[in-house]
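The values are calculated or read from the model by the stated rules, or taken from the named source; none is laboratory data. Everything numeric in this text was worked out from a predicted model, so none of it was measured. Heads up, the Cβs are rebuilt from the backbone with ideal geometry, glycines too, and the neighbour counts pull from every protein chain shown.
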Amino acid sequence: MQGDVAGSQSAAASARDLQPSGRHECGDLDAPVSEDDLHRMNARHGRQARRLQQSVERRLKDRQILLLLAQDGFQGSRYDHFVEELVRYGISVLRGWMHSGFIFQLVAERGFGLHPHELDLEELATQSEVREELATMTVARALPRFRQTALVDGGWTFEGGASITTYFMGACIYRFPNEFRRHRAAEERQRRALQQQHMVYENPASPRSTADEVLGKMWVREELANITDLRTRTVVALTLDDYTQEEIQQMLDEKSVRVIEGLLYRWRKKEQRHQGGGQHD
């Protein structure tokens, strides 16, 4: 299924370029068109004309499809096939938006401040299964309202200027924030559960593991002076003193525990690169 990318510049947005500037006086209305005017059609205008034509053709095709689907009451085998293609398209586009982080710009433009953490962006960029899960759930949540509003109630129209796929992606954008918040809350619950499980079921430390831990802490203390970022140095020092991340977050008045996690994560990655990928904690 073909479609415009939601959020792209519409033809109407550039219509202001076609209005008089007001800087010129009206001259002779019968004055002939100059040769320059006749040849002013350049490559950009040609591309824009083709895009407009393609948009019209696409929306005409969409209108024909919806007329057929309406005859079946937006149900049955033809509607199922239509939804299958729409779902495939929606998941593919959402995955791409999440991979690049563009999805957060789109939802912010619509008033949803998700404030993604650096670790959130990294997770979406590297974890294909997370993108797939979020995209699938977002599309599933968007479909019922899209069917009712856009199709049954006639919310989508040819005159609206958007293709069916663009209209549907708009519906998905409004559903994504809740799905992302659910995912983030579930991740936090899992993190806390694992932390609690580790505290309850942790095996007693052997003399060798205790010695390794002491040596590791001694090495980190020696490296503290080389940490140029004050916040990171403070977090590492407090961690060495066995403060929990929740306690450090409160002591430094940070917004969340994820800020502490992020600082430690980036410091460890930097140290691993310096030591050729070795672990020191």
Tell me the residue from D80, D120 that is surrounded by 15 or more Cβ atoms within 10 Å (Cβ to Cβ) and assigned by TED's automatic domain parsing to the domain that holds M169, please. D120
Of residues in region 219-235 being polar (S, T, N, Q) and part of a helix (DSSP H, G or I), the one nearest to the chain's Cα centre (by Cα): T232
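Residues are listed down the side, and each one gets a yes or a no for (1) part of a helix (DSSP H, G or I); (2) of a type in the set (A, V, I, L, M):
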position	(1), (2)
A70	yes, yes
D80	yes, no
E85	yes, no
R88	yes, no
Q105	yes, no
H115	no, no
R141	yes, no
A162	no, yes
Y167	yes, no
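Give the residue that is modelled with the lowest pLDDT, with candidates limited to residues of region 214-233 that are β-branched (V, I, T) and touching a Leu at 6+ places or on another chain (Cβ under 9 Å). Talk me through it step by step, then tell me what you get.
As a first pass, look at region 214-233 and keep what is β-branched (V, I, T): 214, 220, 227-228, 232.
Keeping just the survivors that are touching a Leu at 6+ places or on another chain (Cβ under 9 Å) gives 220, 232.
Numbers: V220: 68, T232: 82.
Among them, the one singled out is V220.
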Out of all the residues in region 146-156, is one or more buried (at least 22 other Cβ atoms within 10 Å of the Cβ) and in the same structural domain as V93 (by TED's automatic domain parsing)? yes
Look at I103 and say whether it is farther than 30 Å from K255 by Cα and within 17 Å of the chain's Cα centre (by Cα). no
Could you list all residues from region 236-267 that are part of a helix (DSSP H, G or I) and more than 20 Å from E118 (Cβ to Cβ)? A237, L238, L240, E247, Q250, M251
Residues satisfying the stated conditions in region 112-158, i.e. over 16 Å from G96 (Cβ atoms) and hydroxyl-bearing (S, T, Y): T149, T157
Please indicate, with yes or no, whether at least one residue in region 235-245 is modelled with pLDDT of 70 or more, within 25 Å of A185 (Cβ to Cβ) and surrounded by fewer than 12 Cβ atoms within 10 Å (Cβ to Cβ). no
